[in-house]
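Following this message is one structure expressed as structure tokens.
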């Protein structure tokens, strides 16, 4: 299996509801450094996992929709705790949609799996990996 | 598959027996920076892989039993080379026991896999991953 | 010159006022991974720059006052853009006050300089360094 | 599954052919920081994944054949774009050959999988993982 | 003293002349991960060391002039070994010129020192620091 | 001022005497990842801070004298707490001696300052910097 990873980041405010979250029930925020990893068994006709330029610009576009926002105010997340693991899956789904829409190029239609990891500090991260 | 990782560290002395270990047969030591990664297919009722606070305190408790010790003097390791890969599995087993004992909370009973990685320098690490 | 560094982190929400800040004028947030570096020409009577245990617990206490908060709501910062460089100086001043109050131990009274660096992503950080 | 990783690096020049590569069609170069990860279900008779000393010297020997070279001039790569993903597989195959030749020791014959990751910057890496 | 750092990278080919360089006399290449650090005693009118957006785009522009090139073919470097330390100073001088030209904004005219660090692998880096 | 850094590591056992050290009074150990930074105002005749090959082999030789040892048994450290800050200075002095002995080459006689940083975990490091 081949993998290719690109990294970027976004910065948001949010709060959580539920006693399990302790002080994180208060409005706070996070920088998420994001690793998007694309996987496939065989390379495309150009000998690539994916065009790394398109992978980077697509990841940046997906993160721009979240960047510098208070996620508590975003209607798409109403009633949802925007935990790191939830956001990893959200970004995964948007990258998979981009692959299917051809935004990562025709070669990218051969991608088989995507992993999205959100590093929230030097000691904690969460990820979601699934099939395209 | 969702994953969530917490990081901590411990510092021990030990020595190895066997020619394959070369100068590491002498009493020496190591800092191990430990990544404990918890995995499951679906999130718990709180929308989490595991309560990250409990994950962190449980990892710290497991490492405290080893921290600032000479592993050559610990009776539980008598006759055992405490290699990085062996210690990764030891910590894995103790985390799995903690999950089963409910020390990571009821939601954590849905955890399916755990990975424990011990970074012993900027160029070497070992890990063990298995089912809960 | 000897230096000793301890690392911790905190997570906050805030917004900025002024066109120079662009989209960061919206309420957003950040994880700051904080390096607190203590410096002196000569070691203390115990052969230390500072008791690393006290250094770590003092840094954690200073960061706890900021952690999981919306800085826009904190009266101490009213009318102030809480930029990374401003927060680096704020934490510097609180650590210097702790040194003077003896919270880092008697040996720490010999500390001469402190550097506080706030890493806000994998590509950006800011710091403040000054005399005790 | 146990894993053990050793890290080293090499520095090469090369160019790519094909419009998808944009400015990388010009002769340029890269530092590749290489992680070679060896995996197996059970440890060998010495309680190891692999002799870490032999793993490190074998990785260094494999990288030395590429180090400080212009890959465009190497006949083994004629007509081949030496992308990061291609080089990851090339190094994987050479490590697998070394395992089969006994260069990592008799215990290493029990290795089941190898992963080779090439970090080309702070934001991009590619890897290949396969069976021995 | 306040500091603010932005990070980016570039990838080049080059060779060195002189026996001291050993195998690096052959045409090879490198990825340089670049940290540009801006320093001043007091913040500007916006409470900043420098507009981080302009700092990042200026650094990227400076690196674009070098990126994906064979430095042996660049007439500005004729007869010059483009060592990591030399390149650090070259980028330093171009950033200082940008500051003086106002490309980092009016506030940046108060910058006092700049440090440029080029990381060439996980084990080596070089830097140049000087006054603006 | 130009700087050039090389990184290596060593692994030792030791214990500390004094209540301030708490559980670290027990025999334990550490991996120290070591950054040796060489500084000078002007480059040597080859356009270098120092021959990076000689810098790396000299650092490795200095660390080999400590590597895989129990520092409590080394007569040179009798009655001395081998704290991270003390070890940073010890390695600094040995590197300065090597410079003066010509082991880093004739060009290295122009070196003006050396910094030695010992990273003992992902959250703590200590350093010593002084003139040659």
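Collect the residues in the range F:9-23 that are buried (at least 19 other Cβ atoms within 10 Å of the Cβ) and under 17 Å from residue C:45 (Cβ atoms), keeping them in residue-number order.
F:16, F:20, F:21
OK, next. Residue B:55 - would you say it is modelled with pLDDT of 95 or more and closer than 29 Å to residue F:124 by Cβ?
Answer is yes for this residue.
For the range B:41-63, enumerate the residues that are more than 14 Å from chain F (Cβ to nearest Cβ) and surrounded by fewer than 21 Cβ atoms within 10 Å (Cβ to Cβ).
Within the range B:41-63, B:41, B:42, B:43, B:44, B:45, B:46, B:47, B:53, B:54, B:57, B:61 qualify.
So, residue B:66, is that one at the interface with another protein chain (Cβ under 10 Å from one of its Cβ atoms), buried (at least 21 other Cβ atoms within 10 Å of the Cβ) and touching a strand residue (DSSP E or B) at 6+ places or on another chain (Cβ under 6 Å) or not?
yes
Also, I was wondering about something else. Consider residue F:87 against the criteria (1) outside any strand (DSSP E or B); (2) at the interface with another protein chain (Cβ under 9 Å from one of its Cβ atoms); (3) within 15 Å of the chain's Cα centre (by Cα); (4) crowded, with 22+ Cβ neighbours inside 10 Å: it satisfies all of them except one. Which criterion is unmet?
It is condition (2) that residue F:87 fails.
What do you reckon, is residue B:24 within 23 Å of residue B:123 (Cα to Cα) and free of Cβ contacts under 8 Å to residues at least 12 places away in the same chain?
Against the criterion (within 23 Å of residue B:123 (Cα to Cα) and free of Cβ contacts under 8 Å to residues at least 12 places away in the same chain), residue B:24 qualifies.
Per-residue answers, yes or no, for (1) within 23 Å of residue B:122 (Cβ to Cβ); (2) touching a helix residue (DSSP H, G or I) at 6+ places or on another chain (Cβ under 8 Å):
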site: D:28; (1), (2): no, no
site: D:39; (1), (2): yes, no
site: D:44; (1), (2): no, yes
site: D:62; (1), (2): yes, yes
site: D:78; (1), (2): no, no
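Hey, could you check the range F:91-132 for residues that are assigned to a helix (DSSP H, G or I) and within 12 Å of another protein chain (Cβ to nearest Cβ) and say which is surrounded by the fewest Cβ atoms within 10 Å (Cβ to Cβ)?
F:106
Follow-up question, since we're still on this one. Can you confirm whether the range E:4-20 contains a residue that is modelled with pLDDT of 95 or more, out of contact with any helix residue (DSSP H, G or I) (no Cβ under 7 Å at 6 or more places or on another chain) and within 15 Å of residue C:126 (Cα to Cα)?
yes
Look at the range C:44-60 and say how many of its residues are part of a helix (DSSP H, G or I), touching a residue at least 40 places away in the same chain (Cβ under 8 Å) and more than 23 Å from residue E:49 (Cβ to Cβ).
6
Which of the residues that make up the range C:69-84 are away from chain A (no Cβ under 14 Å) and not in a helix (DSSP H, G or I)?
C:78, C:79, C:80, C:81
Further question on the same structure: So is residue B:35 assigned to a strand (DSSP E or B) and within 14 Å of chain F (Cβ to nearest Cβ) or not?
For residue B:35, the condition - assigned to a strand (DSSP E or B) and within 14 Å of chain F (Cβ to nearest Cβ) - is met.
If a residue has to be within 12 Å of chain F (Cβ to nearest Cβ) and either over 19 Å from the mean Cα position of the chain (by Cα) or within 16 Å of residue A:117 (Cβ to Cβ) (or both) to count, how many in the range B:16-32 make the cut?
The qualifying residues number 9.
Quick one: which of E:76, E:19, E:85, E:41 is over 24 Å from residue D:71 (Cα atoms) and without any contact (Cβ under 8 Å) to a residue 24 or more places away in the chain?
E:76
The values are calculated or read from the model by the stated rules, or taken from the named source; none is laboratory data. Note that the structure is a prediction, hence the values are computed from the model and not measured. Virtual Cβ from ideal backbone geometry, glycine too; neighbours counted across all protein chains shown.
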